[in-house]
1. Filtering region 198-233 down to residues that are farther than 15 Å from V305 by Cα and among the acidic types (D, E), which residue is farthest from the ligand (Cβ to nearest atom)?
2. Pick from A296, A266: which is under 18 Å from A39 (Cβ atoms) and among the small types (G, A, S)?
3. If you scan region 234-255, which residues turn out to be of a type in the set (V, I, T) and either more than 16 Å from the ligand (Cβ to nearest atom) or out of contact with any strand residue (DSSP E or B) (no Cβ under 6 Å at 6 or more places or on another chain) (or both)?
4. Run I127 past the list (1) in a helix (DSSP H, G or I); (2) surrounded by fewer than 18 Cβ atoms within 10 Å (Cβ to Cβ) and report the number of the one that doesn't hold.
5. Looking at region 36-74, which of the residues that are more than 16 Å from the ligand (Cβ to nearest atom) and assigned to a strand (DSSP E or B) is surrounded by the fewest Cβ atoms within 10 Å (Cβ to Cβ)?
6. Of everything in region 43-58, what is in contact (Cβ under 8 Å) with a residue 12 or more places away in the chain and out of contact with any strand residue (DSSP E or B) (no Cβ under 9 Å at 6 or more places or on another chain)? Give them in sequence order.
7. If you check N185, N195, which single one turns out to be within 16 Å of the ligand (Cβ to nearest atom) and either surrounded by fewer than 22 Cβ atoms within 10 Å (Cβ to Cβ) or free of Cβ contacts under 8 Å to residues at least 60 places away in the same chain (or both)?
8. Report whether or not E156 is out of contact with any strand residue (DSSP E or B) (no Cβ under 7 Å at 6 or more places or on another chain) and under 20 Å from L235 (Cβ atoms).
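The values are calculated or read from the model by the stated rules, or taken from the named source; none is laboratory data. These numbers come from a predicted model, not from an experiment. Note: ideal-geometry Cβ built from the backbone for every residue, glycine included; neighbour counts use all protein chains shown.
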Amino acid sequence: MATKLTDFCMTRAFDKSFLKVILLFAVLTTASVRAQTLALTMDDGPQLEQTPMLSPQQRNQAILAALSKYGVSAALFVTAGNGADRPEGYALAKAWGDAGHAIGNHTMTHPDLNSEKVSLADYQKEILDCDKIISTLPGYQKWYRFTYLREGKTPEKIDGMRQFLKQQNYRNAYVSLDTSDWRLNEELIAVLKKNPQADVTPIKQAYLSHIRQRAEAYRKLAFTLQGRDIPQVMLIHHNLINALWLGDVIAQFKDMGWKFTTPAAAFTDTVYQLTPRNTATGQSLLLSMAKSLLPAKFEGWERLVDDGDFEIEALKKQGQ
Ligand SMILES: [Zn+2]
């Protein structure tokens, strides 16, 4: 007993500093476990459409350069009719696969499954036709991203698609963190078409603050629904705004302490195996879950479904 006590006293000084190291290690480990992770996915590309400032090739290169600069491995969801069905567009999509990014399916012509004019059979043909093109690309995955994030308004379409994807061995490539980058991109293009020399810094600031607001709001929603951080899967588009400022978006996430993961790793999380009973039309998986589990107007819901109206209003006030 006595010996043990002496040993204890003798090693106390050592224990104290050792304890400090252990505690520091624990804090660091917890911090890295707690760090919010993000997988980046980009829809509707590659785009051969002309825009101000950059050619389609330059836009594609700028996006890939930003990803490469920050070591981010992303996914491109191909709408083949936007370019990949032609050799020059196929080359742009192939550059993604060659750079180690994943390639997913986002139809041929981006039809809306919720439209009464679009039949389930026609919609499925769009996916199969796109698959024929993308299955020859490096990085090809059997991942389907619903156009407009709309999964159908009738049980025939909702269940029909769930069955179809299963048969085709495809997964629903859910989005958890939805953004309205497309809306601010429209604004950017309109401003530049009117005046190619326009100062677009306010649009860049609006875009970055929009992304930050959505990221924080969806993180909070994940906590409300799951009681934890989930690997967030963010949707943005293959467009001019990201060709110009994707690097700034990534840098902002790093400043916020978020870490990047691959879409493949994110999709292994149990939350992405769920199939919500009530799909929220055109919304993220988290909003679909909220629709089943939370009151319709839960705290902060307006800023998650506003299509970037808040930022557009603020820009208008600044005279943009
Ligand atoms: Zn789309």
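1. Among those that are farther than 15 Å from V305 by Cα and among the acidic types (D, E), it is D199.
2. Going through A296, A266 in turn, the sole match is A266.
3. Of everything in region 234-255, those that are of a type in the set (V, I, T) and either more than 16 Å from the ligand (Cβ to nearest atom) or out of contact with any strand residue (DSSP E or B) (no Cβ under 6 Å at 6 or more places or on another chain) (or both) turn out to be I241, V249, I250.
4. (2)
5. T37
6. Those that are in contact (Cβ under 8 Å) with a residue 12 or more places away in the chain and out of contact with any strand residue (DSSP E or B) (no Cβ under 9 Å at 6 or more places or on another chain): L48, E49, T51, P52, M53, L54, P56, Q57, Q58.
7. Within the list N185, N195, the selection yields N185.
8. For E156, the condition - out of contact with any strand residue (DSSP E or B) (no Cβ under 7 Å at 6 or more places or on another chain) and under 20 Å from L235 (Cβ atoms) - is not met.
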